[in-house]
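Heads up: the structure comes next, in structure tokens.
The values are calculated or read from the model by the stated rules, or taken from the named source; none is laboratory data. Since the structure is predicted, the reported quantities are computational estimates derived from the model, not experimental observations. Counting neighbours? That spans all protein chains shown, and the Cβs are built from the backbone with ideal geometry, glycine included.
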Amino acid sequence: MYTEIIELFQQVEKDSFSKDFSQWEIADNTDWTIIRNAAENGTLPENFNQWKMTNNNSWSIGHIAALNNNLPENFNNWEIADENGQTIAHIAASHGNLPASFDRWGLSDNNGFGILHVIATCDNLPEGFDEWAIADDDGWSVAHVAATCDNLPEGFIEWGIVDDDGWSVAHEAARCGNLPEGFDQWELTDNRGRSIKDILNKYLIKK
């Protein structure tokens, strides 16, 4: 029996099983299943539809396939989420694996962190993107994320977008040393009255 299992794992590393194959939960001595290996190697059968199946953690087979850029072109189950609410789309976005046709921008995890927030960390926002104020449950916007990662586009002007504490995109860019030359919105203050220059003095000049 063990030899047969080894042979199955060797097969799935290079070939797709038929759509009628049903022994996906067979596992090796490390508890890795046939279906996980197929998702990693891109050998799931055509028309596979069991994306919610899991492999000893809260990630679905869809999450694993998204991580490895092995989702089919017609995939549309982006909303499948792990225990933290992180969807398959979150995983694909974080690795630059979303298709050009993706349109499920409203998906978010348990903290309200959306697909656009993820893409902003990777500098992969769509060309012409202008929905900078989309925010998570703490008011942390896509623009805040991009400012943290130095991924705001040249000519960005919406520095006054704030989170729930009045911390603006400009404050975040200043904290991270990412304010551009020519920045001119020095009058912005947060809920504690801290200006952009106060943030520069605290986080940069004193380092």
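Among the residues making up segment 151-163, those that are surrounded by 12 or more Cβ atoms within 10 Å (Cβ to Cβ) and among the acidic types (D, E) are E158, D163. Only residues that are part of a helix (DSSP H, G or I) and modelled with pLDDT of 95 or more were counted across segment 67-90, and they come to 3. For segment 48-62, the criterion of a residue being surrounded by 14 or more Cβ atoms within 10 Å (Cβ to Cβ), under 22 Å from P126 (Cα atoms) and out of contact with any strand residue (DSSP E or B) (no Cβ under 8 Å at 6 or more places or on another chain) is satisfied by no position.
Which count do you get for residues in segment 88-118 that are hydroxyl-bearing (S, T, Y) and in contact (Cβ under 8 Å) with a residue 24 or more places away in the chain? Write out each step before concluding.
Going residue by residue through segment 88-118, those that are hydroxyl-bearing (S, T, Y) are 94, 101, 108.
Narrowing the set further to residues that are in contact (Cβ under 8 Å) with a residue 24 or more places away in the chain leaves 94, 108.
Qualifying residue count for the region: 2.
Of all the listed residues (E187, E131, E172), the sole one being exposed (fewer than 14 other Cβ atoms within 10 Å of the Cβ) and touching a Ser or Thr at 6+ places or on another chain (Cβ under 8 Å) is E187. Residue count for segment 193-207 satisfying the condition of being at pLDDT 95 or above and in a loop (DSSP other than H, G, I, E, B): 2.
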